[in-house]
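Visitor: Pasting a structure below so you can have a look.
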Amino acid sequence: MRHTRITWSAIFICLTVFGLFIGGEVCAQSPNLSFDPLLIERSVRAGETLNYSISIQNESMFEPITLELNPCDITEDISGTYRLVPAGTTSYSLAAWTQVEPQVITIPPGHERSIDVNVSIPRGTSGGRYGAVAIAPKEGGSTSLMGQTVQAPFKFQMASFMELEISGGAARRESFISDLNVRPSAELPSVRQQVGDEAVVYSAEVTNAGNIHIIARGNLVIQTEDGRTVARYPMGGGKGLILPETTVALRSVTRPNLPPGNYRAKAVVDYGGSRPAVADIGFTVTESYVEGKIEEGKTLSRLVVEPAELDIQAKAGAFSSSILELANRGDEPIEVKSKIIPLAFSETGEFLPEEERGTAPGWVEVSPADFALEPGRSRRVRLSMRPPKDADGGYYYDLIFRSAGADAAVESGTNVLLFVGSEVVKDGRLEITDLKGGVDAATVDAVFTNLGNYHVNIMVDFILWRVHPQYEEEETGRIIPRQTETITFISLPMDTAPVLPGTVRKLSFQIPADLEPAEYEMAIRVDYGGEEPVIEGLIFSVEGGSDTGD
């Protein structure tokens, strides 16, 4: 649960001067309020009730204020900003399940009041549900100033937001890149105000077609027409969270640093699924302009491949096959072409560029390799494998399906995780590699190495304790044993990218940089499916603001 205290001072223009009487009326000073929490993020089960409190502080020293609290829905605009809308507007609404008590409160000057919020999740619910408790002056409400009753001459609204994931149900994560374009910043007023007219804006609009929110992280790859990579940039927008049935633009803004010519911009968006959403578009750079966009009236195709991952065990020299189903969720027919390359990830769990992966062996085939797919239709394809007689251990391939048009293309596919043999060995090693101080936060780096012959998915926990050493009380002579106090605990969800045999996965954590001078102990635990997790610890001390590892 995240708790954030927010102070909000209403800003308005008043035609009279504070404290003067005009026509028997007084102009009220703007209210100064703070509330907590701004956001509730929770995982709850269907049939359960979530209970929490909103604390509102009237920080004015002179004026009481009367507020009304009501459940409402939220939507998200293209920039990733939440908007309040009437209750029951969205299909993922929480409003009908939310009760607020009391709904109307009057808070005296300098006082604080708590409001109880109860959210009852019906049985049979799945996916995600989202909403807010809107906080606003009561209609017709008034305040008091120096014994005079006055009407508030303005309207304001605040909100405490809720993001709930219904655990135990059928959460469906499905996302598409629905638009991709390259434009000068001069054509985007919101960007132009920040960076001027000369920048280049790469924009990938990501649509959440699932029933639960996604956290989208994008990367942009710029390539020449012959496939040579010339630049890589991160892409972001809003806070990265995209609600169901919502489209948010992830952008990368750069200076015009490409020589004139034709290029392709490839957006790779990781949203928590087994595979990222991928799309690319051609664009042209001239001496005075840059542009790349989808032809008007056209859309990017929506190609879905199921399953997104195949985990197969086979015998050396034996034939095996699997069926995949491809669906065209778009409105136009598409031509699909397939290819198979080795599956490989970077040390941070991202797909390595195709040019760094080599080619797949001839004993891995897909049939049919190319075909047409009408809107709303699906097609089954067969993956066939016959590993050689001397094969042993893990073999990993990336089965990619590409739908290309004249201007842009999208990719989807399946991770093929093949194990040949009878003895699965899961073994791993964890090493803390670095502890580095910083101005706002310190960082801890670690590396997990897969020493076995089988791929593993890892779950990671990090904990930091302050150590209170053993000491003897002077008055009583009693020995107080060594104790620890938890400072930070971080639990990461299971990594969607498997750690392949013989490869490593880098881990990084942030800890507070303003630790008091004392002795500290940290521990990292990695669960990877072996007989027992791997755990690595480190004791260090903070002396006068500097860290020294032991």
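Values in this text are rule-based calculations from the coordinates and carry no lab data. If you're wondering where the values come from, they're calculated on a predicted model, not measured in any experiment. Glycine gets a Cβ as well: all are built from the backbone with ideal geometry, and neighbour counts include every protein chain shown.
Visitor: With the cut-off at 1.5 for a/c, could you classify segment 335-445 from its C-alpha gyration tensor as rounded, prolate or oblate?
Guide: Working: a/c = 3.01, a/b = 1.41, b/c = 2.13.
In terms of gyration-tensor shape, oblate.
Visitor: Sorted by average packing, counted as other Cβ atoms within 10 angstrom per residue and highest first, what order do 160-168, 526-534 take?
Guide: 160-168, 526-534
Visitor: Same structure, new question: Would you please give the FRET efficiency between residue 377 and residue 404, computed as 1/(1 + (r/R0)^6) with r the Cβ-Cβ distance and R0 = 22 Å, to the nearest 0.05?
Guide: Details: r = 18 Å, r/R0 = 0.84.
The formula returns an efficiency of 0.75 here.
Visitor: Give me the distance between the Cα centres of segment 298-323 and segment 55-88, rounded to whole Å.
Guide: Here the answer is 47 Å between Cα centres.
Visitor: Per 0.36 nm of contour for each residue apart, how much would the distance between residue 225 and residue 239 grow if the chain were fully extended, relative to their Cα-Cα spacing?
Guide: The span from residue 225 to residue 239 would gain 1.7 nm if fully extended.
Visitor: Would segment 428-549 count as rounded, prolate or oblate if I go by the C-alpha gyration tensor, calling it rounded below 1.5 in a/c and otherwise prolate when a/b exceeds b/c, oblate otherwise?
Guide: Prolate is the answer for segment 428-549, as a/c is 1.5 or above and a/b outweighs b/c.
Visitor: Hey, another quick one. Within segment 69-112, name every residue whose backbone N is under 20 Å away from a label modeled 7 Å from Cα of residue 123 along the Cβ vector.
Guide: 97-98
Visitor: Among 331, 427, 226, which comes first, second and so on when ranked by fewest other beta-carbon atoms within 10 Å?
Guide: 226, 331, 427
Visitor: Same structure, new question: Label-point separation (nm) for residue 492 and residue 195, each offset 7 Å from Cα along Cα-to-Cβ?
Guide: A separation of 2.9 nm, rounded to one decimal place.
Visitor: Cβ neighbours within 10 Å, averaged per peptide: list 466-472, 72-78 in order, most packed at the top.
Guide: The packing order, highest mean first, is 72-78, 466-472.
Visitor: Separate question: Using 1/(1 + (r/R0)^6) with R0 = 22 angstrom and r between the beta carbons of residue 483 and residue 461, what's the FRET efficiency to the nearest 0.05?
Guide: Taking R0 as 22 Å, the efficiency between residue 483 and residue 461 is 0.60.
Visitor: How would the chain be classified by its alpha-carbon gyration tensor: rounded, prolate or oblate, with rounded meaning a/c under 1.5 and the a/b versus b/c comparison settling the rest?
Guide: Working: a/c = 1.96, a/b = 1.35, b/c = 1.45.
Judged from the Cα gyration tensor, the chain comes out oblate (a/c at least 1.5, b/c at or above a/b).
Visitor: Evaluate E = 1/(1 + (r/R0)^6) for residue 288 and residue 475, where r is the Cβ-Cβ distance and R0 equals 51 Å; express this FRET efficiency to the nearest 0.05.
Guide: Efficiency, rounded to the nearest 0.05: 0.05.
Visitor: Any chance you could run the full-extension gain for residue 319 through residue 436? It's 0.36 nm times the residue separation minus the Cα-Cα distance, nm to one decimal.
Guide: Extending this stretch completely gives an extra 37.0 nm.
Visitor: Now for a separate question. Work out, step by step, the length gained on full extension between residue 103 and residue 53: first 0.36 nm times the residue separation, then minus their alpha carbon distance; give nm to one decimal.
Guide: 16.7 nm
Visitor: Which residues in segment 254-273 place their backbone N less than 18 Å from a point set 7 Å from the Cα of residue 346 along the Cα-to-Cβ direction?
Guide: From segment 254-273, the list is 254, 265-273.
Visitor: While we're here: With contacts defined as alpha carbon pairs under 8 Å and 6 or more residues apart, what's the relative contact order of the chain in percent?
Guide: Answer for the chain is 9 percent.
Visitor: Which far-off residues, 5 or more places away or on another chain, put their amide H under 5 Å from the one on residue 330, with H placed in the peptide plane?
Guide: Here the answer is 302, 376, since their amide H atoms fall under 5 Å of that of residue 330.
Visitor: Could I ask something else about it? If I model a spin label at residue 531 and residue 384 as a point 7 Å from the Cα along the Cα→Cβ vector, what separation in nanometres do I get?
Guide: So the two model labels end up 4.2 nm from each other.
Visitor: Taking every DSSP beta bridge with both residues inside the chain, roughly what % is antiparallel (nearest 5)?
Guide: 95 percent
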